[in-house]
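Quick notes on the structure that follows.
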Amino acid sequence: MRDYVQSVELGVSQQKGVNVTQPKVWLKNEFVRVGLAESLCTYVMMVFGLGSVAQVVTGEGAFGQYLSINLGFALGVAMGVHVGGKVSGAHMNAAVSFTMCTYGRLAWKMLPVYVFAQLLGSFLAAGTIYAVYYEAIHDYCGGNLTVTGVKATAGIFATYPAPYLSLLAGFFDQVCGTAMLLLCLMALSDQRNKPAAAGSEPLAVGLLVLLIGISLGSNSGYAINPTRDIAPRVFTAIAGWGADVFRSGNGWWWVPLVAPPIGGVLGAGIYKVFVEMHHQPVSGQGGQLVEELQEENTPLEKQKYISSGNVCV
């Protein structure tokens, strides 16, 4: 097949006195490589994030509080960036991918690959946490899987609004949270400003998610990510919670789908208008303009080959 290149078996071969070590097979198709990496990093992020929620809920406060959930998702994001950062950029968020396409940092033809990979990773992570905490969940709720009420457990997997929150206020909440996410991600990757130090990008992004959680998370669980929310929601509908996962909160389910992409484009645009567009030219030797700064593998850095189907970061 074109997507695969056969090579020698793993190990060291003797050829004319030269030791050659090569992998047995590797992927060349960029869509497949990116999709696999994005699925895996999303899976890692969601397993740690959903796992932290499951532990807090089923432990009834004995194994952590709200801060534990914030830390779980933050560190999960950091680990996800380590897993897929140099291959897919570890977006792990359809709002991030959509925003990068909007501003020309990712080819539009790559968007379906990212969205599908993120959905797959999130769905599998929900299934994993359900399996790991199956007995704890059923012991906690007595086998009655509910979306609302004192012993509700659907919130382990997807986000739901607080009882006081209207759909309009919730929509603004999600737009605002995602706008802050993308605004700060743009700053962290801006090589002409004050970017995250090389090698510290995963930690910086994780701290950003932690900051959003502890400041903007109480209204609706700060989904700020369409694929993070809808895939586990679909899983819970299949696993026993039923159609109530879509009816609860006055039909809340569509808000984390629609609001985050709007917020992402808005937040990134604000950073560009207020900061990025006004950077002074950088001069190199002889006074000539340096058109391209040294590329860094930061979470949102633009690569020169995006037009050929490769990814941004």
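General remarks:
- Filter pass, Tyr114 being within 19 Å of Val44 (Cα to Cα) and of a type in the set (Phe, Trp, Tyr): yes
- Test result for Thr153, crowded, with 23+ Cβ neighbours inside 10 Å, touching an Asp or Glu at 6+ places or on another chain (Cβ under 7 Å) and among the β-branched types (Val, Ile, Thr): no
Condition check ((1) under 15 Å from Val245 (Cβ atoms); (2) hydrophobic (A, V, I, L, M, F, W, C); (3) touching a Lys or Arg at 6+ places or on another chain (Cβ under 7 Å)) across all residues:
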{"position": "Ala125", "(1), (2), (3)": "no, yes, no"}
{"position": "Val132", "(1), (2), (3)": "no, yes, no"}
{"position": "Tyr140", "(1), (2), (3)": "no, no, yes"}
{"position": "Ala154", "(1), (2), (3)": "yes, yes, no"}
{"position": "Pro163", "(1), (2), (3)": "no, no, no"}
{"position": "Leu168", "(1), (2), (3)": "no, yes, no"}
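- Checklist (1) buried (at least 19 other Cβ atoms within 10 Å of the Cβ); (2) modelled with pLDDT under 90 applied to Ser307, failing item: (1)
- Residue check for Trp254: closer than 24 Å to Thr146 by Cβ, free of Cβ contacts under 8 Å to residues at least 12 places away in the same chain and not aliphatic (A, V, I, L, M): yes
- Set side by side, the residues Val255, Val273 differ, and just one is out of contact with any helix residue (DSSP H, G or I) (no Cβ under 8 Å at 6 or more places or on another chain), under 23 Å from Val175 (Cα atoms) and modelled with pLDDT of 95 or more, which is Val273.
- The helices (runs of 4 or more DSSP H) located wholly in segment 57-146 that include 1 or more residues which are of a type in the set (Asp, Glu) occupy 134-141.
- Elements of type helices (runs of 4 or more DSSP H) in segment 157-267, at least 2 residues being over 18 Å from the mean Cα position of the chain (by Cα) and more than 20 Å from Phe48 (Cβ to Cβ): 167-188, 244-251
- Checking every residue in segment 45-64 against the condition of being crowded, with 21+ Cβ neighbours inside 10 Å and more than 21 Å from Tyr134 (Cβ to Cβ) gives at least one match.
- Just one residue in the set Thr102, Thr148, Thr128 is surrounded by fewer than 18 Cβ atoms within 10 Å (Cβ to Cβ), within 27 Å of Leu27 (Cα to Cα) and not acidic (Asp, Glu); that residue is Thr128.
- Met79 meets the conditions (1) in contact (Cβ under 8 Å) with a residue 40 or more places away in the chain; (2) crowded, with 23+ Cβ neighbours inside 10 Å; (3) within 22 Å of the chain's Cα centre (by Cα) in every case but one. The failed one is (2).
- Residue check, Ala179 crowded, with 22+ Cβ neighbours inside 10 Å, touching a residue at least 24 places away in the same chain (Cβ under 8 Å), out of contact with any Pro (no Cβ under 8 Å at 6 or more places or on another chain) and not hydroxyl-bearing (Ser, Thr, Tyr): yes
- The single condition among (1) over 28 Å from Leu40 (Cβ atoms); (2) in contact with an Asp or Glu (Cβ under 7 Å, 6 or more places away or on another chain); (3) crowded, with 19+ Cβ neighbours inside 10 Å that Pro256 does not meet is (1).
The values are calculated or read from the model by the stated rules, or taken from the named source; none is laboratory data. Values in this document were obtained by computation on a predicted structure and should not be read as measured data. Don't worry about glycine lacking a Cβ; one is built from the backbone with ideal geometry, like all the others, and counts go over all protein chains shown.
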